[in-house]
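The values are calculated or read from the model by the stated rules, or taken from the named source; none is laboratory data. Source: prediction; values computed, not measured. Cβ placement follows ideal geometry from the backbone for every residue including glycine, while neighbour counts extend to all protein chains displayed. In case anyone asks, the SASA skips ligands and DNA or RNA and just uses the protein heavy atoms, side chains included. Shrake-Rupley method; radii C 1.70, N 1.55, O 1.52, S 1.80 Å.
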Amino acid sequence: MAFLEYRTAGESHGQALIVLIEGLPSGLTVDFDLVNGEMRRRQGGYGRGGRMKIEQDKVNILSGIRSGVTIGSPMAVEVTNEDWRIDTAPEVHHPRPGHADLAGSLKWLTTDCRSTLERASARETAARVAAGAISKCLLQSFGVEVVGFVRAIGPVKANIDPSPTPDELRTQRDANEAYCPDGAAADKMIEAIRQAKVDKDTLGGIVEVHVHGLPPGVGSCFRWQDKLDARIAGAMVSIQAFKGVEMGDGFALAEKPGSQVHDAIYYDSRMRGSRNLGFTRKTNRLGGFEGGMSNGQPLIVRGVMKPIATLLMGMDSVNLKTKAPQRSDYERSDVCAVPAASVVAENVVAFEVARAFCEKFGADTMNEMRAAYDFYMEAARNL
Ligand code: EPS
């Protein structure tokens, strides 16, 4: 039986993006509305550029499925590119600072940045959202919910305390184009993006993902490779333009003594039936991770995205052929893709959670997985 994992292929202006998912159990119903809804949401958000008017992303599942239900074989998924012109797209000889252009051209020994930028492009995140959204179908059937949203754009920060339920978060987030549950902050974010466009500049920000309904013990402290927080951190930082990640109160934990950092443990027998099995906390400063495992509290993960590297005003750069100074290229670009990145982060986290969930409860079929899950919950409740 394969472990749950995925690979992606495809260039920004190539024929299509492909994701190959292995290790899904058989008997999982794929909710196409959910998956294509996520594909659409990733294309949106205030601050996107002209490309998103060209593309109409939706998944075409080529294998691993029969009448909408998985059969346990590898699943190949295609997302086609309307803007398919890789063979005629112009060469690029002046690298954009902050993009993969220079490092990639030096790595692959060429003065033409095109081959590197085509694959480095955030267009690839469409494939990752497809994989994550399909994995969410599995998580949902076990009552695990993953919600991503925008926490900050440029200097504008959202105020989202105390943390709402997943449904409330989704409703508030989906009410505006900043994908931010704080409506007042969303207005200011949109204004900041509008101003950045006027200034011919770009903006980054912070996205946040909450995972509700995950039982304790997903991930492992026994091997560093199996730590759930470490895997999520790696996956988050692998999203194009992400520069950092934190769990719970993250970097702010460094300023406080241990007594104000760790989440004290209580027991409430009336909560035995819930995902925390009765072990309650009054705080969640560690973001639901202890020892690289879920502890029954909601997971809280944040990631920081740098501003888009393609600037309308350009930046100082060098022509790789002549070595003479030359401003970086501009064709068209997003001004801010932080709202879209919140969708990517949500689905990337979902996949890592599903991967670890399948390692704990994994089986060939959904029925066997359900039995393993029920057995574990019952045994843990009766410790
Ligand atoms: C991107 C550049 C832009 C973005 C693209 C990421 O594409 P283009 O060069 O075709 O205008 O629109 O994002 C997507 C295509 C997408 O689907 O998110 C880049 O250089 O990273």
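Quick notes on this one:
- The set of residues from the stretch 161-179 being hydrophobic (A, V, I, L, M, F, W, C) and assigned to a helix (DSSP H, G or I) comprises just one member, L169.
- Among the conditions (1) open to solvent by less than 50 Å² (accessible area, probe 1.4 Å); (2) more than 23 Å from E359 (Cα to Cα), the only one that F279 does not satisfy is (1).
- Screening E78 against (1) open to solvent by 20 Å² or more (accessible area, probe 1.4 Å); (2) in contact with an Asp or Glu (Cβ under 7 Å, 6 or more places away or on another chain); (3) among the charged types (D, E, K, R) leaves a single unmet condition, (2).
- Residues that are farther than 14 Å from S220 by Cβ and at pLDDT below 95, drawn from the stretch 342-376: A363
This table checks each residue for (1) touching a residue at least 12 places away in the same chain (Cβ under 8 Å); (2) in a helix (DSSP H, G or I); (3) open to solvent by less than 10 Å² (accessible area, probe 1.4 Å); (4) within 25 Å of A100 (Cβ to Cβ).
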{"site": "P181", "(1), (2), (3), (4)": "yes, no, no, no"}
{"site": "M189", "(1), (2), (3), (4)": "yes, yes, yes, no"}
{"site": "K200", "(1), (2), (3), (4)": "yes, no, no, yes"}
{"site": "P216", "(1), (2), (3), (4)": "yes, no, no, no"}
{"site": "L253", "(1), (2), (3), (4)": "yes, yes, no, no"}
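- Matching residues, the stretch 6-22, being open to solvent by 20 Å² or more (accessible area, probe 1.4 Å), more than 16 Å from the ligand (Cβ to nearest atom) and touching a helix residue (DSSP H, G or I) at 6+ places or on another chain (Cβ under 7 Å): Y6
- Test: residue in the stretch 25-32 that is away from the ligand (no atom under 16 Å from the Cβ), acidic (D, E) and touching a residue at least 60 places away in the same chain (Cβ under 8 Å): yes
- Screening the candidates G273, G287, G296, G258 for the property of being among the small types (G, A, S), farther than 25 Å from D226 by Cα and open to solvent by less than 50 Å² (accessible area, probe 1.4 Å) yields one hit, G258.
- Number of positions in the stretch 338-363 that are open to solvent by 10 Å² or more (accessible area, probe 1.4 Å) and touching a strand residue (DSSP E or B) at 6+ places or on another chain (Cβ under 8 Å): 1
- One residue from I71, I65, I54 being within 11 Å of the ligand (Cβ to nearest atom), open to solvent by 20 Å² or more (accessible area, probe 1.4 Å), β-branched (V, I, T) and over 16 Å from R128 (Cα atoms): I54
- Residue match in the stretch 259-278 (condition: out of contact with any Gly (no Cβ under 7 Å at 6 or more places or on another chain), touching a residue at least 60 places away in the same chain (Cβ under 8 Å) and more than 30 Å from A100 (Cα to Cα)): yes
- If only residues of the stretch 141-158 that are touching a helix residue (DSSP H, G or I) at 6+ places or on another chain (Cβ under 8 Å) and not aliphatic (A, V, I, L, M) are counted, the one that is nearest to the ligand (Cβ to nearest atom) is G148.
- Residue check for R96: touching a helix residue (DSSP H, G or I) at 6+ places or on another chain (Cβ under 9 Å), open to solvent by 50 Å² or more (accessible area, probe 1.4 Å) and not acidic (D, E): no
- Residue in the stretch 102-120 that is at pLDDT 95 or above, more than 21 Å from T29 (Cα to Cα), polar (S, T, N, Q) and within 10 Å of the ligand (Cβ to nearest atom) present: no
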